[in-house]
1. Confirm whether K114 is under 18 Å from S84 (Cα atoms), surrounded by fewer than 17 Cβ atoms within 10 Å (Cβ to Cβ) and either touching a strand residue (DSSP E or B) at 6+ places or on another chain (Cβ under 8 Å) or touching a residue at least 60 places away in the same chain (Cβ under 8 Å) (or both).
2. It is to be established whether one or more residues within segment 121-143 are closer than 23 Å to L67 by Cα and touching a Leu at 6+ places or on another chain (Cβ under 6 Å).
3. Note down all Cβ pairs under 9 Å where the first residue falls in segment 152-169 and is over 26 Å from L115 (Cα atoms), the second is part of a strand (DSSP E or B), and they're at least six residues apart or on different chains.
4. Can we say A82 is in a helix (DSSP H, G or I), touching a residue at least 60 places away in the same chain (Cβ under 8 Å) and either surrounded by 14 or more Cβ atoms within 10 Å (Cβ to Cβ) or not hydroxyl-bearing (S, T, Y) (or both)?
5. Can you tell me how many residues in segment 129-151 are under 23 Å from N62 (Cβ atoms) and either surrounded by 11 or more Cβ atoms within 10 Å (Cβ to Cβ) or in contact with a Lys or Arg (Cβ under 9 Å, 6 or more places away or on another chain) (or both)?
Amino acid sequence: MTFEITSRWRIDGKTLARFPRLNSAFAAEKYGGDSMRTRHVILMSMLLICFGYNLLWAESENDNAVLAAKAWLSLIDSGNYADSWKEASTYFQGAVSEQSLIASLEAVRKPLGKLVSRNMVKTQEANSLPGAPDGRYVVMSFRAAFEQKKSAIETVTFMLDKDKKWRAAGYFIK
């Protein structure tokens, strides 16, 4: 395999600039080692860059889901139950009516009082969940404390919705 990089500018028959031709023999001679080793080093470097980028992208997508979940939970914390339904995924909205969500949160969440603290316990990515369509999901668990309940676990499931935004697909508190 030979790579060749050349560039010449000529004015009136004179060469102004010239870059050396680069091939595997040149690389081996210039940088030491054999040409096969040089190829492997280049290939491995390219693979590491590609995989590293994919890992960073996945991590940032996970971070986006966590940020969306925290914003959605703040709607619930402030008693904006109708807005939390409006910001939920189309899947969630199809499964639970706005009035049903409001009634459930009034009965379960409101008696707990104001939020005192909330800390992330774990996140788990999934491509399928029981009873839900296949898609991209992030299931998050938070340890929470409220005025009337000192220790609770909130489990929030977010999915990448049709509009490519992370939205609530489920909420459970115990």
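Just so it is clear, none of the values below were taken in a lab; they were calculated from the coordinates. Everything quoted here is computed from the prediction, not taken from an experiment. Methodologically, a virtual Cβ is constructed for each residue, glycine included, from the backbone with ideal geometry; neighbour enumeration extends over all protein chains shown.
1. Details: under 18 Å from S84 (Cα atoms): yes; surrounded by fewer than 17 Cβ atoms within 10 Å (Cβ to Cβ): yes; either touching a strand residue (DSSP E or B) at 6+ places or on another chain (Cβ under 8 Å) or touching a residue at least 60 places away in the same chain (Cβ under 8 Å) (or both): yes.
Yes; evaluated as a whole, the condition is true for this residue.
2. There is at least one residue in segment 121-143 that is closer than 23 Å to L67 by Cα and touching a Leu at 6+ places or on another chain (Cβ under 6 Å).
3. Going by the 9 Å Cβ cut-off, the qualifying pairs are L160/Y137; L160/V138; L160/W166; L160/R167; D161/R167; D161/A169.
4. Numbers: in a helix (DSSP H, G or I): yes; touching a residue at least 60 places away in the same chain (Cβ under 8 Å): no; either surrounded by 14 or more Cβ atoms within 10 Å (Cβ to Cβ) or not hydroxyl-bearing (S, T, Y) (or both): yes.
No: the conditions fail for A82.
5. 12
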